[in-house]
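Take a look at the structure below.
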Amino acid sequence: MNIPNIFLLPILIIFILAGIIFYQQLENSIIFYPDKALDDRPSNWDLCYKDIQFLTPDGQKLHGWFFPVSGKSPVLLFCHGNAGNISHRIENIKFLVKRDISVFIFDYRGYGQSSGRPSEKGIYIDGIAAYDYLTEIEKISPDRIVIFGRSIGGAVAIEVALQRKARCLIIESTFTSTKDMAKTIFPFFIVSPFLPHHYNNILKIAGVTIPKLIIHGEDDNIVPFSMGNKLFAQATEPKLFLPIHRAGHNDTYVVGGGDYFEAIVNFILSSTSVRAR
């Protein structure tokens, strides 16, 4: 049945209004894909670690693993992506630990053994609470802390870098904002001009003063490579861009191999700033 043209505009307006009203709930359901079950353990990879429980200021109980390396090694605060949980990043962590980088990885609220439900505000609180655990409980000096975020974890890492002192910031496969991401996805591109700039990384990164390394796969089919370029362009010095040839969204460290990890280690060792905005 054909719809008369007179009804098309009201239908479109209703569609746009509904999209705006329910966007927050819809955005959360699209962005977050947490797994509760831990499918692997560091002990299966012959990794020494500490099983960590810590609280957020708003009362959520978060879970993480700390992989300490002896001495005064840099400590990488690992903010993971939107799917799975910390158990799906162990291989990546082992490569870092083998290069004398301590790692603290944690699950956002609603992921793995962490309580609560994820949201933009919530995962920012979680990232800052994880940082505070390192400095307050593990007594790690800010000049040893490397804030690392992959995909949506890049948004968390940027927020932590704005709120706390650190040695440097590394973001990987990170988008400019969810508004920009909506422009690339059907049917959200229809309402994208009316959507808010949530996870506004493109605005925030300009305020990060510590050294920054931005990594992006050239063949990323989820977050366009152009967004990595835009984040780099917006970032202030000191900064470095590392494109990974033939890498997609989730396999940068696999495709990049030894060169990928060498670039990260060299960047960390060359970074000495401990400034915050």
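Coordinate-derived values only; no laboratory data. All values derive from a computational prediction rather than experimental measurement. For neighbour counting, all protein chains shown are included, and Cβ atoms are generated from backbone atoms with ideal geometry for every residue, glycine included.
Under a 5 Å amide H cut-off, with hydrogens placed 1.01 Å from N, residue 69 pairs with 102, 103 among residues at least 5 apart or on other chains.
When each of 88, 80 is scored by the number of other beta-carbon atoms lying within 10 Å, the sequence from fewest to most is 88, 80. Note on residue 197 and residue 99: their simple-model spin labels are 3.3 nm apart, each label 7 Å out from Cα toward Cβ.
Taking a point 7 Å out from the Cα of residue 222 in the direction of its Cβ, the residues of the stretch 130-155 whose backbone N falls within less than 20 Å of it are 148-155. Taking 200, 229, 44 as the candidate residues, the one with maximal mean-square fluctuation in a Gaussian network model of the chain, Cα springs under 10 Å, is 44. Mean sequence separation of contacting Cα pairs (under 8 Å, at least six apart), scaled by the length of the chain, corresponds to a relative contact order of 15 percent. The ellipsoid equivalent to the alpha-carbon distribution of the stretch 5-270 has semi-axes of 32, 21, 17 angstrom, derived from the gyration tensor eigenvalues as √(5λ) and listed largest first. Among 64, 256, 127, the largest mean-square fluctuation in a Gaussian network model of the chain, built with springs joining Cα atoms closer than 10 Å, belongs to 256. For residue 235, no residue 5 or more places off, or on another chain, has a built amide H under 5 Å of its own. GNM, the chain, Cα, under 10 Å: largest mean-square fluctuation among 118, 68, 238? The residue with the greatest mean-square fluctuation here is 238. Can you tell me the orientation of helix 225-234 relative to the chain, as the angle in degrees between its alpha-carbon axis and the longest Cα principal axis, to the nearest 10? Helix 225-234 and the main axis of the chain meet at about 70 degrees. With just the Cα atoms defining each centre, how far is the stretch 30-89 from the stretch 215-277? Give it in Å. Here the two parts' Cα centres lie 21 Å apart. The fewest-to-most ranking of 272, 135, 56 by surrounding Cβ atoms within 10 Å reads 272, 135, 56.
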